[in-house]
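Okay, structure first, notes after.
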Amino acid sequence: MTTAVIIVAAGKGMRAGGELPKQYQMLADRPVLAHTVSRFANMDQIVVVIGETDFDLFDMHVTPHLTNKVELVSGGATRSASVMAGLSVVNAQNVLIHDGARPLVQSGVIKDVTDALKTNQAAAPAVAVTDSMWMGQAGQVYDIVNRENTYSAQTPQGFHTQIIRQAYDALTTAATDDVSVARAAGIKVAITQGHNDNLKITLPEDFARAERILKDTNMDVRVGNGYDVHAFCEGDHVILCGLKIPHTAALLGHSDADVAMHAATDAIYGALADGDIGQHFPPSDPQWKGAASDIFLRHAAKLAKSRGFTLTHVDCTIICEMPKIGPHAASMKTHMAELLEISADRVSIKATTSEKLGFTGRGEGIAAQATATLVKS
Ligand code: MG
């Protein structure tokens with residue numbers, strides 16, 4: 001089954017303020033209409049109906065942001081005329097008809113409509129009305145609407161192409177949306193689940209709300225993990241999370257062999273998908289010999305920051321029989337938080353033995369693993 005979308009954007013949309021029609025105004029990084037088109041990237045055919053004098057406007061503002069092939073159609077004087085112009089070029093079996101001013105439509109909303117068309121001739125999203133609804137005039141309530149069974153209609157409204165074409169051909173009065181056209185032709189319309197964030201940009205303040213929603217839904221969350229091992233050698237202390245801890249052995253390594261800090265550092269590089277400590281600080285380079293490992297950790301944290309990420313959490317587990325980590329865990333946590341420039345309640349330092357099993361169990365060395373979470377919004 002092939003599916004086309006008709007994005008109706010021929011209106012002047014001047015209630016939203018600004019010098020351009022609302023569909024050509026910027027919403028975050030792109031014009032409204034570029035967002036809307038991108039939401040339908042997986043359709044078989046994308047038809048955009050624009051005002052007959054808006055072709056230059058579209059080319060200048062929207063075309064540079066498009067990653068999909070779109071067919072531009074000149075709209076008519078009414079919404080119905082614009083939809084009919086769009087329908088005339090549709091060659092898919094199903095068609096979704098969508099408001100150009102609903103740039104945030106969720107993929108789940110689109111999918112529910114297309115899925116419903118497998119068993120229905122028409123389907124459209126809506127959300128049940130939960131607020132009380134009044135009839136009002138001249139600033140006065142004159143009636144209460146019974147909100148039972150009332151829905152607030154959204155788009156895309158989906159149809160078998162042949163069916164909606166016939167309905168439009170038979171249309172004799174003006175219609176506010178495609179469901180009303182279908183209903184006038186006696187077509188049953190299934191209700192699918194809409195979304196409260198599928199807003200239609202109408203007023204100036206809608207831009208700010210849409211930008212907030214975009215920011216929330218575009219949140220980039222990364223989780224990285226790190227793992228490291230260092231063997232014991234002769235000595236009287238180890239360095240763990242930057243703290244000197246007395247022990248009957250030391251850890252062998254090119255730097256200060258701070259196995260826990262290395263695991264945490266690699267977790268941050270992992271979240272950034274940017275290699276590991278060895279790549280950023282090659283052991284073959286003599287300048288890192290005996291280096292304090294906080295250089296590595298601070299480098300990773302700075303790199304995350306420079307790419308716009310906030311480090312929200314680091315969790316590190318140190319695996320050894322001895323030395324005992326518990327008595328030092330609180331100071332390790334504070335010290336790591338200071339180095340990472342985050343609050344201590346975002347740093348976790350834990351320890352476990354391995355029940356005397358394996359190399360850590362035999363006391364041949366210390367292993368550590370860590371996860372780090374980065375968030376960009
Ligand atoms: Mg290491």
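The values are calculated or read from the model by the stated rules, or taken from the named source; none is laboratory data. It should be emphasised that the depicted structure is a prediction, and the values quoted were computed from it without experimental measurement. Cβ sites come from the backbone with ideal geometry, for glycine too, and all protein chains shown count toward neighbours. Surface areas here come from the heavy atoms of the whole protein model, side chains and all, with no ligands, DNA or RNA. Shrake-Rupley method; radii C 1.70, N 1.55, O 1.52, S 1.80 Å.
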(Q) As a test of reading the structure, rank Ile319, Ile295, Ile7 by solvent-accessible area (1.4 Å probe, protein chains only), most first. (A) Ile295, Ile319, Ile7
Q) For the pair Ala41 and His299, what calculated FRET efficiency results from E = 1/(1 + (r/R0)^6), where r is the Cβ-Cβ distance and R0 = 41 Å, to the nearest 0.05? A) 0.60
Q. Looking at the square roots a ≥ b ≥ c of the eigenvalues of the Cα gyration tensor of segment 92-170, which shape do they give, rounded for a/c under 1.5, prolate if a/b is larger than b/c, or oblate?
A. prolate
Q: Kindly sort Ser107, Ser293 by accessible area of their heavy atoms, largest first, with the probe set to 1.4 Å.
A: Ser107, Ser293
Q. For segment 221-376, with the dipole built from +1 on Lys and Arg beta-carbon atoms and -1 on Asp and Glu ones, taken about the Cα centre, which of Cys233, Ala291, Val223 lies farthest toward the positive end?
A. Val223
Q.
Taking a ≥ b ≥ c as the square roots of the Cα gyration tensor eigenvalues, with a/c under 1.5 meaning rounded and otherwise prolate when a/b beats b/c, else oblate, which class fits segment 48-92?
A. oblate
(Q) Counting only helical runs of four or more DSSP H residues, what would the 222 nm mean residue ellipticity of the chain come to if each run contributes -39,500 (n - 2.57) and the total is spread over all its residues? (A) -8500 deg cm²/dmol
Q.
Would segment 3-217 count as rounded, prolate or oblate if I go by the C-alpha gyration tensor, calling it rounded below 1.5 in a/c and otherwise prolate when a/b exceeds b/c, oblate otherwise?
A. rounded
**Q.** Apportionment of accessible area to carbon and sulfur, segment 221-376, percent (1.4 Å)
**A.** 55
(Q) Let me spell out the model: positive unit charges on the Cβ of Lys and Arg, negative unit charges on the Cβ of Asp and Glu, origin at the Cα centre of segment 216-326. What dipole size does that give, in debye rounded to 20? (A) 280
Q. How do Cys233, Cys241 stack up against each other in accessible area, from largest to smallest, with a 1.4 angstrom probe?
A. Cys233, Cys241
(Q) When 1/r is averaged over all different Cα pairs and the result inverted, which Kirkwood radius in Å belongs to the chain? (A) 25.1
Q.
Set the bar at 25 Å for Cα to Cα. Now go through Lys118/Lys200; Lys289/Lys376; Lys111/Lys305; Lys111/Lys188; Lys111/Lys215; Lys244/Lys350 and name every pair that lies beyond it.
A. Lys118/Lys200; Lys289/Lys376; Lys111/Lys305
(Q) Take Arg147 and Lys350, extend 7 Å from each Cα along the Cα→Cβ direction, and tell me the distance between the two endpoints in nm. (A) 4.5
Q.
Need the C-alpha centroid separation for segment 226-277 versus segment 135-210, integer Å.
A. 62
**Q.** Per residue accessible area in Å² of the chain, where ligands, DNA and RNA are left out and the probe is 1.4 Å
**A.** 50
Q | the chain, relative contact order [Cα under 8 Å, separation at least 6], % | A | 14
